[in-house]
Amino acid sequence: MIDAARRILFVHAHPDDESIGTGATMALYAADPGTHVTLVTCTLGEEGEIHVPALAQLEAAQADQLGGWRIAELNAACAALGVEDHRWLGGAGRYRDSGMMGLPTNDNPRAFWSADLDEAAAHLAEVVREVRPQVVVTYDANGFYGHPDHIQAHRVTVRAIELASADHTVDKLYYTTVARRDLAEMFDHFKQSAENPFAEVERVEDLPFGAKDEEIDARINATGTGERKLEALRAHASQIPGGDWMFTLAAELGEAGLEVEYYTLATGKRGPGTRTVEGGPEWETDLFAGLV
Ligand SMILES: CC(=O)N[C@H]1[C@@H](O[C@@H]2[C@H](O)[C@H](O)[C@@H](O)[C@H](O)[C@H]2O)O[C@H](CO)[C@@H](O)[C@@H]1O
Ligand SMILES: [Zn+2]
């Protein structure tokens, strides 16, 4: 029985998503003795690219061992974030990374994208019944940026909350997002850079993600977690190369940018907020706002 007063469940598709999208928030809550953080990761990330040359032969088309390697990366990332309760959906290796949308790997019978929704959701519902989270965090219906495993993680999470509802009511379900205002700043910052992650995009509005201020419900400013988030990102070295834009941004603008993460509230009652941006709307500053 988890006896922490506050319990939050994060559901992510691959090892690396937890650190990229919610690493600062997870580190913040994991450091609070009154909050229990649970992470469920849906696949081992077997179909990922490999940015470490020495690991190249682990790729799916050769030794097909990247998934096992990423288990270790995720364990190191969780240690950096202070997250002690990590589970694999249905057990390690139950669901395979589906690869990017439209690839033949989507049709692998073991791919998460091919999973039976109710069966996968039943695995997650077991975690919901055990953990009894007041707050659950995953992606929106587009999976944040359209990756099939992210879309499936959204669907499985919504269904699992339904399946578990006879035993436990989740008070608030959030989707991860990023503020378009911050993307616009990064867009301009990298315009002159040789390593511009936005090089293929004409306008910030053309990105498949990014929320206007009025579409955002919570802004978590996890002050002081930047180094832990950076350590977690570095742990995913097979996926996130040392020259990645997130590291460049932290080096050039400081860690503070990595410590702010945004969420939209999908279900539940929005708690009290604060106006943190000049002329902007009031945003929650705690995902448990209005609860315990
Ligand atoms: C952050 C995330 O969801 N990463 C996924 C994603 O990785 C992308 C993929 O390797 C693509 O080929 C690259 O061009 C892109 O830069 C990567 O972000 O998809 C992988 C395969 O499903 C997955 O393993 C990885 O975790
Ligand atoms: Zn992912």
Using alpha carbon centroids, what distance separates the range 86-102 and the range 267-292, in Å? 33
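Using 1/(1 + (r/R0)^6) with R0 = 45 angstrom and r between the beta carbons of LEU291 and ARG110, what's the FRET efficiency to the nearest 0.05? Please report the intermediate quantities before stating the final value.
Working: r = 38 Å, r/R0 = 0.84.
With R0 = 45 Å, the Cβ-Cβ based efficiency is 0.75.
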Using a 10 Å cut-off on Cβ atoms, rank the peptides 172-183, 14-25 from the highest mean neighbour count down. 14-25, 172-183
Subtracting the Cα-Cα distance from 0.36 nm times the residue separation, let me have the gained length for ALA61 to ASP118 in nm, one decimal. 17.5 nm
Lysine pairs in the chain with Cα distance under 22 Å, only those 8 or more apart or on different chains: how many are there? 4
What is the set of long-range amide H partners of ARG7 at a cut-off below 5 Å, with H atoms built 1.01 Å from backbone N? HIS36, GLN134, VAL135
Multiplying the sequence separation of LEU163 and ALA194 by 0.36 nm and subtracting their Cα-Cα distance, what value in nm do you get? 6.3 nm
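Only bridges with both residues in the chain count here: give the DSSP antiparallel percent, nearest 5. Don't skip to the answer; put the middle values down first.
Numbers: 11 of 32 bridges.
Within the chain, antiparallel bridges account for around 35 percent of the total.
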I need the helices of the chain that pass two filters: whole DSSP H segments spanning 20 Å or more by Cα along the axis, and mean Kyte-Doolittle score no lower than -0.5. 66-81, 117-131, 148-164
With the charge dipole of the range 6-283 built from beta-carbon charges (+1 for Lys and Arg, -1 for Asp and Glu) about the Cα centre, the Cα from VAL128, MET246, ILE220 projecting farthest to the positive end belongs to VAL128
Taking the Cα centre of the chain as origin, work out the dipole magnitude from +1 charges on Lys and Arg Cβ and -1 charges on Asp and Glu Cβ, in debye rounded to 20. 620
Computed over the chain, the ratio Rg/Rh where both radii use C-alpha atoms and Rh is Kirkwood: 0.94
What FRET efficiency, computed as 1/(1 + (r/R0)^6) with R0 = 22 Å and r the Cβ-Cβ distance, is obtained for GLU202 and PHE247, rounded to the nearest 0.05? 0.30
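So how much slack lies between ASP182 and ALA256, counting 0.36 nm per residue of separation and subtracting their Cα-Cα distance, in nm? Show your work: numbers first, answer last.
Details: separation 74, 0.36 × 74 = 26.64 nm, distance 1.22 nm.
Here the answer is 25.4 nm.
Each value in this text was obtained by applying a stated rule to the coordinates, not by laboratory testing. Please read these numbers as outputs of a predicted model, since none were measured by experiment. Neighbour counts run over all protein chains shown; Cβ positions are idealised from the backbone, glycine included.
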